[in-house]
Amino acid sequence: MEDIKLAPPPRRLRTKHVRHFIFLKDVAALGLTAFGGPQAHVAMMLRLLVDKRRYLTAPELLEIMALCQILPGPTSTQTITAIGFRLGGPNLAYLTILVWMLPAVTIMTLAGLTISYLDKELVSRLVQYVQPVAVGFVAYSAYKIAEKVIHTKTSVALMVASALLAYFFQLPWVLPILLLAGGLITTFRYRKLPQVEKQPLHIEWSNFVLWLAVLVTAAVLGSYTKLLPVRLFENFYRNGSLVFGGGQVLAPLLFAEFVEFKHYLSAQEFLSGLGLVQAIPGPNFSFASYIGALAMRREGSGLSGQILGALVGATGIFMPGTLLIFFLIRFWDQLKQYRVIKASLEGINAVSAGLVCAATFLLYHPLPDTPINLALVGITFLVLLWNRIPSFVIISVALLAGVIF
């Protein structure tokens with residue numbers, strides 16, 4: 001009997017799969033090298049996903065980033081998930097968030113299991129040069145973003161004003177208000193844009209309904225069952241649904257709930273984990289897996305129980321933001337066909353550029369003001385302008401310097 005030969009998949013399908021695989025490889029590289037919080041993450045996304053791979057344009061990246069800053073949840077995680085959704089739909093988006101968060105969640109889970117054995121001084125030495133390098137990435141991002149989206153006097157004014165306000169008023173509600181205000185200011189210029197034939201606006205409510213249903217169900221089950229894993233999920237899901245401003249804002253909320261009120265871990269353990277999550281690549285919201293692992297010690301369920309706590313913490317903190325960006329990104333392109341929305345993007349992008357400018361200075365302030373740190377920021381900026389050395393090589397050299405010196 002002759003062998004049955006299956007026809008190879010169409011060339012377009014093979015090309016699409018290869019492109020998706022390359023994108024996930026890029027996401028993995030970011031997950032392993034993106035130090036410095038959301039602002040530095042966006043800087044590295046701009047360099048790798050926009051300038052090098054051209055998955056999207058700089059204005060499109062800014063639009064997505066602004067959209068995520070208006071929503072509660074982890075901004076950089078929502079941003080990269082939305083990019084995956086645009087490139088390959090829900091399936092690629094799910095893989096994107098898993099690949100992105102896995103390194104940080106794994107490290108923080110291990111930290112929760114071995115907190116008593118961690119050498120805090122060694123961790124601090126390891127990342128001593130990574131932090132100023134991360135600031136250099138943010139400075140480069142501010143320059144590139146301004147170069148691509150600032151084209152009018154109104155944009156310049158909005159960028160400068162938003163940078164000053166974000167610098168002097170470091171409150172979680174300031175960022176979404178600035179973005180909305182910037183969009184509102186340029187909305188009034190919509191008459192200058194040409195009219196286009198609009199497609200009917202179709203909103204899929206399933207992800208929004210799912211987000212709300214999980215929030216209510218988790219609260220009810222936690223109240224009735226009294227099971228610690230269920231209550232932990234509800235705690236993290238609720239915090240992930242309500243927090244604006246990223247990991248810096250999340251930390252005091254988690255401290256108040258899990259240290260001061262519920263006493264799941266000590267203040268020293270909390271601060272040790274907080275210091276570590278600032279020093280590792282990837283999303284700062286991975287801190288939840290560390291708290292979840294330590295919270296489960298009181299159950300006496302051993303290693304498996306602590307790992308379950310870490311998984312519950314990570315799932316609970318990342319899920320609400322993911323569901324909300326899935327809800328909004330599906331009809332965002334349809335919204336942009338309206339002249340009012342399209343005109344508002346000029347102001348939103350200008351404010352976004354201002355926020356990144358402010359972040360450059362805000363991230364530098366906590367560092368020791370030494371000639372070495374200042375030089376590292378400047379050298380990193382110039383090396384990135386040269387555009388010959390990959391981001392992961394720059395970060396690797398900074399880590400190696402921390403080990404040697």
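The values are calculated or read from the model by the stated rules, or taken from the named source; none is laboratory data. Since the structure is predicted, the reported quantities are computational estimates derived from the model, not experimental observations. Glycine also receives a Cβ, built like all others from the backbone with ideal geometry; neighbour counts cover every protein chain displayed. Heavy atoms of the whole protein, side chains included, go into the accessibility calculation; ligands, DNA and RNA do not. Shrake-Rupley method; radii C 1.70, N 1.55, O 1.52, S 1.80 Å.
Quick notes on this one:
- All conditions in (1) surrounded by 21 or more Cβ atoms within 10 Å (Cβ to Cβ); (2) under 24 Å from GLU60 (Cα atoms); (3) out of contact with any His (no Cβ under 9 Å at 6 or more places or on another chain) hold for GLU346, with the sole exception of (3).
- Segment 367-389 - residue that is in a loop (DSSP other than H, G, I, E, B) and free of Cβ contacts under 8 Å to residues at least 40 places away in the same chain and, of those, nearest to GLY37 (Cα to Cα): PRO368
- Within segment 297-318, considering residues that are closer than 19 Å to PRO283 by Cβ and open to solvent by less than 60 Å² (accessible area, probe 1.4 Å), the one farthest from the chain's Cα centre (by Cα): GLY309
- Candidates VAL42, VAL27 - the one that is at pLDDT 85 or above and part of a helix (DSSP H, G or I): VAL27
- ASN387, sole failed condition from (1) buried (at least 19 other Cβ atoms within 10 Å of the Cβ); (2) closer than 28 Å to ILE97 by Cα: (1)
- Test set (1) in a helix (DSSP H, G or I); (2) touching a Phe, Trp or Tyr at 6+ places or on another chain (Cβ under 8 Å); (3) open to solvent by less than 20 Å² (accessible area, probe 1.4 Å); (4) not charged (D, E, K, R) - PRO281 fails condition number: (1)
- For segment 365-384, the set of residues classified as closer than 22 Å to PRO281 by Cβ, of a type outside the set (A, V, I, L, M, F, W, C) and open to solvent by 40 Å² or more (accessible area, probe 1.4 Å) consists of HIS365, PRO366, PRO368, listed by residue number.
- Checklist (1) open to solvent by 30 Å² or more (accessible area, probe 1.4 Å); (2) of a type outside the set (Phe, Trp, Tyr); (3) under 22 Å from the mean Cα position of the chain (by Cα) applied to ALA166, failing item: (1)
- Single unsatisfied condition, ALA398 versus (1) surrounded by 17 or more Cβ atoms within 10 Å (Cβ to Cβ); (2) more than 15 Å from ARG47 (Cβ to Cβ); (3) at pLDDT below 85: (3)
- For segment 50-66, the criterion of being of a type outside the set (A, V, I, L, M), on the phi < 0 side of the Ramachandran plot and open to solvent by less than 10 Å² (accessible area, probe 1.4 Å) is met by none of the residues.
- In the set ILE341, ILE325, only one residue is crowded, with 24+ Cβ neighbours inside 10 Å and either under 20 Å from GLN78 (Cβ atoms) or without any contact (Cβ under 8 Å) to a residue 60 or more places away in the chain (or both); that residue is ILE325.
- Taking (1) surrounded by fewer than 19 Cβ atoms within 10 Å (Cβ to Cβ); (2) over 20 Å from PHE326 (Cβ atoms); (3) of a type in the set (Lys, Arg) in turn, LYS144 satisfies each apart from (1).
- Counted residues, segment 104-127 - those being at pLDDT 80 or above and either open to solvent by less than 40 Å² (accessible area, probe 1.4 Å) or not in a helix (DSSP H, G or I) (or both): 7
- Complete set of residues in segment 187-201 that are in a loop (DSSP other than H, G, I, E, B) and either at pLDDT 75 or above or more than 9 Å from ALA343 (Cα to Cα) (or both): PHE188, ARG189, PRO194, GLN195, VAL196, GLU197, LYS198, GLN199, PRO200, LEU201
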